[in-house]
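No value in this document is a laboratory result; all are computed from the given coordinates. As the structure is a computational prediction, the values presented were derived from the model and not from experiment. Cβ coordinates were reconstructed from backbone atoms using ideal geometry, including for glycine residues, and neighbour counts include every protein chain displayed.
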Amino acid sequence: MITSKNYNVDVLVAGGGVAGVSAGLTAARAGLRTLLLESQISLGGLATNGYISGVAGMVEGNCKEWLDRIDAEGYLYNRPHLPTFDPERAKLILEHMLLEAGAKILYGTYVIDAVVENNNIKEVVCHSKSGRMGIAAKIVIDTTGDADVAAYAGVPHDVGSPEFAGLNMSTTLAFRMANVNMSMYNEAVKAWTAKETADNRIPTRMSLIEELEEKAVENGDLPFFIFPTALIYIVPGTPEDDADVNVITTHSFHTRNLDVEDLTRQVIEQRQQITWIEKFFKKYLTGFEKARVTSVASLHGVRDSRRIIGEYILKDEDIACATKFEDGIARFPEFYDTHHPTSPKLGFMRHIHLNEPKGAAVCRPAQCSDEMHPFGKPGGYEARKNPGDYCEIPYRSLVPLGIDNLFVAGRCVSAEFNAVAAVRVIAPSMTTGQAAATAASYCLKDNILPRNIDGKLVRKAMIEQGVPLDKEPDGYWAYLRELKGEHVVAPGDFIGVMTPNGFRR
Ligand SMILES: Cc1cc2nc3c(=O)[nH]c(=O)nc-3n(C[C@H](O)[C@H](O)[C@H](O)COP(=O)(O)OP(=O)(O)OC[C@H]3O[C@@H](n4cnc5c(N)ncnc54)[C@H](O)[C@@H]3O)c2cc1C
């Protein structure tokens, strides 16, 4: 039995990850009655509960405000690229921001269905300790990461890579370690990089960890090669020579991220990997001699599942070609972060294939391996993004086909596989959430459907809200733009630049 409950809301945000909080914040600040549903008991999704505590992309708009607040409380390691936060403090601040704005939150509330009439979501159906409940709203913003509401409402969507028979990107269960000497670790990485790039050489491996892991497998200290690198994010506020860190390195391959049996397989095998990695780090990695695992993320690191089909599908080639749009509402300066669906050794696939070189893409005739493309080599040209350029996400990618009162934001916007693998990161996820709520306020004020809004107006409103879409990116991105030299492909399928002063990435 479904109980219908009238919360008298204008905007219902489903999913309290960074995209959802950003949407809820903007909607509530626009004076809209806003309710946010979250299946867990805290906010931030993968960024906090998944221990993904380093922010990629351009820190602008709501994302900047959030990081500034974390910084003011002393829980941000503020650096030009990948600023790093303490997930516990970060989720608390998200909650404060949302409540201060006047939004209401329901925790422990799982969206399980949608009732649709005349192309409108009449009720979002959810399950909680209160039982099954239908909640009505004028506009729904789906920020579940998996486009659950959109799927239940019948919005067309894609899943996985067409090149890999629909497999998703590999997944990662992150964990926290204590008693790490980050100063020693950073010195070891610096020395390794200096050795690998001496005499202006391109490194032969992706990371120090790759080299050590090969040794550990050879010595029988690891049962198999897990992944060629690790993101190690210090928890700000902990001392550098006795730090807590979040570690992102376990991996499951050949994943189907909408299949509960496969998701369970992934979590079980990655929990096992964590015990192996703890021993491996202690024995081989400088600075980790005394380290121990203190906790495992409560949210499994699923990088992708559904991608909705919207009014515009952001194309894989838009990323490489750094496409700009008249209705661009967010921008993306990083590379394809496509975690390889099948190869632990390669780790990533950071290029796409084009028949001919095109636009701003950095292209070379295809020369990638069978392992990179195990289902058949595409040929043509490998295309990578120029590190100095950026692509925009158009407003239309947030507007799903088929349903009239729905927006989708965050890591499940309308985009092809490699494009979503790029723009799914934290900063643009927050900006798409902000844009969806900005557009929602136009819809309600002018009684207009999302697909009939002029996206240029949403772009203008985002600029007025302080997202500098009208200005060239500065800081780290300006540094990348200025790097002059030959583009070279480095391990990890990264594009680097061979400058007169050596290899830079
Ligand atoms: C292992 C890994 C490493 C990454 N590394 C980085 C990195 O270093 N830097 C970076 O910027 N990005 C990184 N990313 C990407 C980034 O973390 C995420 O893509 C981004 O945080 C997505 O935010 P989101 O709000 O769209 O989705 P999510 O964070 O997935 O949030 C969705 C929220 O909705 C809730 N929810 C889901 N379904 C329902 C439902 N049916 N009902 C109610 N609630 C629901 C979830 O509990 C969650 O809180 C990484 C991702 C992964 C998985």
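Here is how the numbers come out for the structure above:
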item: Qualifying aspartates and glutamates (Cα of each under 15 Å from Cα of Lys129; at least 8 residues distant if same chain); result: Glu38
item: Kirkwood Rh and Cα Rg combined as Rg/Rh, the chain; result: 0.96
item: Convex hull of the range 95-180 built on C-alpha atoms - directionally averaged projected area, nm²; result: 10.0
item: With Cα atoms, 0 to 90° folded angle of helix 87-101 axis to the chain main axis; result: 20
item: Cβ-based charge dipole, the chain, positive-most Cα from Met372, Val267, Gln40; result: Gln40
item: Two-site label geometry, Lys345 and Asn200: point separation in nm, points 7 Å out along Cα→Cβ; result: 3.1
item: Cβ-placed point charges (K, R +1; D, E -1), dipole of the range 340-472 about Cα centre in debye, nearest 20; result: 140
item: In degrees, nearest ten, helix 426-446 long axis to first principal axis of the chain (Cα); result: 10
item: Charge dipole (debye, nearest 20) of the chain; +1 at Cβ of Lys and Arg, -1 at Cβ of Asp and Glu; result: 360
item: The range 175-296: projected area of the alpha-carbon convex hull, averaged over directions, in nm²; result: 8.6
item: Beta bridges per DSSP with both ends in the chain, % antiparallel, nearest 5; result: 75
item: Where trypsin sites (Lys or Arg not before Pro) fall in DSSP loop in the range 123-160, at most 10 other Cβ within 10 Å; result: Lys129
item: Principal-axis tilt of helix 182-196 within the chain, Cα atoms, nearest 10 degrees; result: 60
item: Segment Phe375-Lys282, extension gain: residue separation times 0.36 nm, minus the distance between their alpha carbons; result: 29.7 nm
item: Low-density loop positions, chymotrypsin sites (Phe, Trp or Tyr not before Pro), the range 214-273 - DSSP coil, at most 12 other Cβ in 10 Å; result: Phe224
item: Loop trypsin sites (Lys or Arg not before Pro), the range 267-296, which have at most 15 other Cβ atoms in a 10 Å radius of their Cβ (DSSP); result: Lys290
item: Inverse mean reciprocal Cα-Cα distance (Kirkwood Rh) of the range 230-288, Å; result: 13.3
item: Theoretical gain in end-to-end length, Glu187 to Glu269 [0.36 nm per residue, Cα-Cα removed]; result: 26.3 nm
item: Dipole moment magnitude, nearest 20 debye, the range 175-296 about Cα centre, only Lys, Arg, Asp, Glu C-beta charged; result: 100
item: Full-extension gain in nm, Leu457 to Arg79, via 0.36 nm per residue minus C-alpha separation; result: 132.8 nm
item: Cross-link table Lys5/Lys64; Lys104/Lys138; Lys64/Lys282; Lys215/Lys282, entries beyond 25 Å C-alpha to C-alpha; result: Lys5/Lys64; Lys64/Lys282
